[in-house]
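Laboratory data are not the source of any read-out in this text; all were calculated from the coordinates shown. Computed from a predicted structure; not experimentally measured. Please note: Cβ atoms are built from the backbone with ideal geometry, for glycine as well, and neighbour counts cover all protein chains shown.
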Amino acid sequence: MTIPASFIQELIARADVVEIVGRYVQLKKAGANFMGLCPFHGEKSPSFSVSPTKQFYHCFGCGVHGNAIGFLMEHAGMGFVEAVHDLAGQYGLQVPEDDVSPAERARAASQRQKQATLTDVLEKAGDAYRKALRQAPGAIEYLKGRGVSGEVARQFGIGYAPAGWRALASVFPDYDDPLLAESGLVIVNNEEGKLSDEEAKRYDRFRDRVMFPIRNVKGECIGFGGRVLGDEKPKYLNSPETPVFSKGRELYGLYEARAAFRDRGYALVTEGYMDVVALAQLGFPNAVATLGTACTTEHVQKLFRFTESVVFSFDGDAAGRRAARKALDGALPYATDTRSIKFLFLPAEHDPDSYIRAHGAEAFAGFVAEATPLSRFMLEAAREGCDLSSAEGRAHMTSNVRPLWSAMPDGALKRQLLSEIATLVQLDAAALSDLWSTAAPGPRRSGVAQQQPQSSQRHSEPDSYGNDPGDYYPDMPPTQDYEPPRYENESKPKFQPRKFTKGKRWGGKFEEPIEPLRGRGKPPSRPDVAVRLVLSNMAQWEALSHELHVMLCDLPGEHGALFTWLDSQLHEHGVQPWAALREGLRGLDFAPLAERLMSVSEAGPVPEGEEEQHLAEAAKELASVLDFMLDDRLKAQQSEAIAAVGKDPKALERYKALEARRLELRDRIRASGTDTA
């Protein structure tokens with residue numbers, strides 16, 4: 001996108017920097033200029049000067065300066081193009097773009113108009129929620145119980161959504177307005193297309209919840225987060241994805257915390273709305289939170305528009321460590337030599353709010369100062385599960401750390417880490433760099449064609465459905481050697497090993513084998529089985545390692561998309577039963593896949609007294625599936641290493657390290673009793 005320089009000059013000449021700055025800073029006339037408190041650093045005496053004649057601002061305290069476009073970029077965290085569009089819109093100007101067709105320009109203008117309309121609708125709802133809070137003693141008591149003052153509640157615009165199904169009908173006279181559904185305020189249930197728009201049932205998305213407006217960097221309301229007053233599920237509920245809101249890019253509290261980033265010197269990233277509000281109440285106004293999803297590169301990039309130092313705060317339990325690992329992935333591309341990225345792990349029994357109340361703000365500030373630097377956490381994550389006293393363990397760590405190190409931008413930090421990694425794995429830094437520069441990256445999926453010994457060639461031939469049997473769960477070892485468990489009906493609650501018969505689908509909980517469907521005799525693939533087992537018991541997803549999470553989310557097509565969605569649901573709502581997940585899946589592209597796989601698992605409740613056995617057997621089955629999938633992945637990497645022998649002097653060494661890991665994995669598979677080969 002190219003904006004003509006002549007237009008930018010015209011825009012700067014047309015804009016009034018005093019008017020633009022005055023919307024955010026209280027200015028007073030002082031001679032020929034205007035003065036105010038600098039929005040970019042904390043001060044008690046005004047040193048921020050705005051010149052109407054020069055159309056320029058300058059702070060004599062911190063040195064920041066610029067024109068109207070620069071102010072929007074600095075204060076609102078906008079990119080240059082976004083700031084130009086925003087400023088032009090304020091003065092009714094159309095931005096010409098040299099490389100954009102008239103149709104694309106018209107489409108962009110229409111989209112901006114739609115976004116403006118949706119934010120107006122959301123702002124109106126926010127006003128209504130704030131008014132409703134005044135007549136909601138239960139919500140007020142909840143906020144008081146969390147230590148939130150009226151001043152902080154006003155600062156964050158907190159409100160309350162009444163318990164009625166159509167409370168917003170009193171706010172919006174036309175409750176059937178499509179904008180209410182498009183903004184995410186109203187849910188329209190047309191029973192999967194069976195009803196017309198007039199007959200469809202409409203009701204408020206947020207009911208009997210404390211409401212937290214989510215604002216963009218310009219202060220516009222783009223969505224809401226709602227929290228129940230008790231312990232009902234889901235505890236937190238976010239607005240859905242809309243033309244103005246994407247939770248993978250937005251941070252709660254960013255608008256309110258921008259100035260505090262500069263005062264405190266860092267941004268503190270937490271896990272929930274109440275963490276942000278409580279920390280602001282307790283003297284840490286520089287906190288923000290992700291919106292029920294893992295921290296992404298977009299989140300990190302947005303934070304570094306306002307500060308050069310970010311501290312991620314997580315619970316000290318296993319779930320917190322996994323969330324930190326995902327934040328690490330998002331932060332690595334921005335780990336330059338001039339930035340600071342740290343990870344704070346609170347004791348398992350505390351969140352930031354409770355820790356400060358128990359130990360004081362000073363103790364928490366000290367805890368933040370001693371947070372784990374990115375470099376150390378990266379090495380800890382890479383060496384997890386690796387025995388560095390053995391060559392195999394060191395090779396395993398080398399494989400783990402390579403993609404992490406490679407994601408970092410070049411600089412002194414990255415080069416220092418290369419030396420540290422080389423020391424840990426007992427290689428010369430130059431040799432390690434050479435190894436990584438010549439080694440091809442491993443495959444991202446398990447279904448890659450691989451070289452196999454002659455004795456197993458018959459298992460790599462396509463079956464009658466034109467599919468590679470290696471992709472299917474029944475053939476994880478050869479069919480005649482493997483007897484996957486099947487669930488019996490209620491009269492036979494015991495788990496019985498059973499031969500898999502081609503043409504039959506995989507059974508679910510305590511049911512008889514299902515007869516083949518006409519034209520759909522293809523047996524379930526390993527990803528199919530993994531999907532079914534995790535959807536049947538979401539707690540199993542929470543228990544998996546980061547390596548397995550990545551493997552499943554990286555699966556191609558609908559399987560990978562479904563697992564990625566499931567991971568976001570866990571972050572947002574916690575563990576949910578299949579009935580709740582099914583509702584959340586409505587309208588998503590991979591919903592039919594989930595419905596098809598779960599249709600064989602709905603044969604009724606587990607017999608009383610058999611619940612623990614059922615969960616244990618399902619967990620064992622999932623572990624077996626994932627072990628075989630991981631073995632496929634390692635085997636594909638071995639094939640690549642063998643193919644590189646003769647061109648890469650390190651290929652054979654890499655092959656041996658992978659073989660050592662496969663042997664360890666196969667030992668575990670045999671010990672579990674699922675491999676009788």
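The table for this structure:
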{"quantity": "Cβ-Cβ FRET estimate between Gln155 and Val550, R0 fixed at 41 Å, reported to 0.05", "calculated": "0.60"}
{"quantity": "About the Cα centre, charge dipole magnitude for the stretch 214-278 (Lys/Arg +1, Asp/Glu -1 at Cβ), debye", "calculated": "180"}
{"quantity": "Gyration tensor (alpha-carbon) shape descriptor, the stretch 104-238, a/c threshold 1.5", "calculated": "oblate"}
{"quantity": "Length added when fully stretched, His359-Arg415, from 0.36 nm per residue minus Cα-Cα", "calculated": "16.3 nm"}
{"quantity": "Computed FRET value (nearest 0.05) for Arg666 with Ala429, which takes r as the C-beta separation and R₀ as 35 Å", "calculated": "0.60"}
{"quantity": "Modelled label reach - Arg582, point 7 Å along Cα→Cβ, the stretch 223-244 residues with backbone N closer than 20 Å", "calculated": "233-234"}
{"quantity": "Cα-Cα over 20 Å, subset of Lys635/Lys656; Lys302/Lys414; Lys326/Lys656; Lys124/Lys218; Lys620/Lys656", "calculated": "Lys302/Lys414; Lys326/Lys656; Lys620/Lys656"}
{"quantity": "Antiparallel DSSP beta bridges within the stretch 251-379, percent to nearest 5", "calculated": "25"}
{"quantity": "Cut-off 11 Å (backbone N to label point 7 Å along Cα→Cβ of Ser390), residues of the stretch 528-553", "calculated": "none"}
{"quantity": "Charge tally in the Cβ shell below 14 Å around Arg166, where Lys, Arg are +1 and Asp, Glu are -1, Arg166 excluded", "calculated": "-1"}
{"quantity": "Residue list for the stretch 526-546, given a label point 7 angstrom along the Cα-to-Cβ vector of Ala318 and an amide N cut-off under 16 Å", "calculated": "534, 537-546"}
{"quantity": "Taking the stretch 289-332 and dividing mean pair separation by its residue count, relative contact order in percent (alpha carbons under 8 Å, at least six apart)", "calculated": "54"}
{"quantity": "Net lengthening on full extension, Glu380/Asp177 (0.36 nm per residue, minus Cα-Cα)", "calculated": "67.8 nm"}
{"quantity": "Dipole magnitude of the stretch 5-90, debye to nearest 20 (Cβ charges: Lys/Arg +1, Asp/Glu -1, about Cα centre)", "calculated": "340"}
{"quantity": "Low-density loop positions, GluC sites (Glu not before Pro), the stretch 324-378 - DSSP coil, at most 15 other Cβ in 10 Å", "calculated": "Glu349, Glu370"}
{"quantity": "Ile187 paired with Lys29, simple spin-label distance in nm, labels 7 Å along Cα-to-beta-carbon", "calculated": "5.7"}
{"quantity": "Summed side-chain charge close to Glu298 - residues other than Glu298 whose Cβ falls under 12 Å, Lys, Arg +1, Asp, Glu -1", "calculated": "+3"}
{"quantity": "Local net charge near Arg654, Cβ-Cβ under 15 Å (Lys/Arg +1, Asp/Glu -1)", "calculated": "+3"}
{"quantity": "Projected label distance in nm at Tyr91 and Val228, using a 7 Å step from Cα toward the beta-carbon", "calculated": "5.2"}
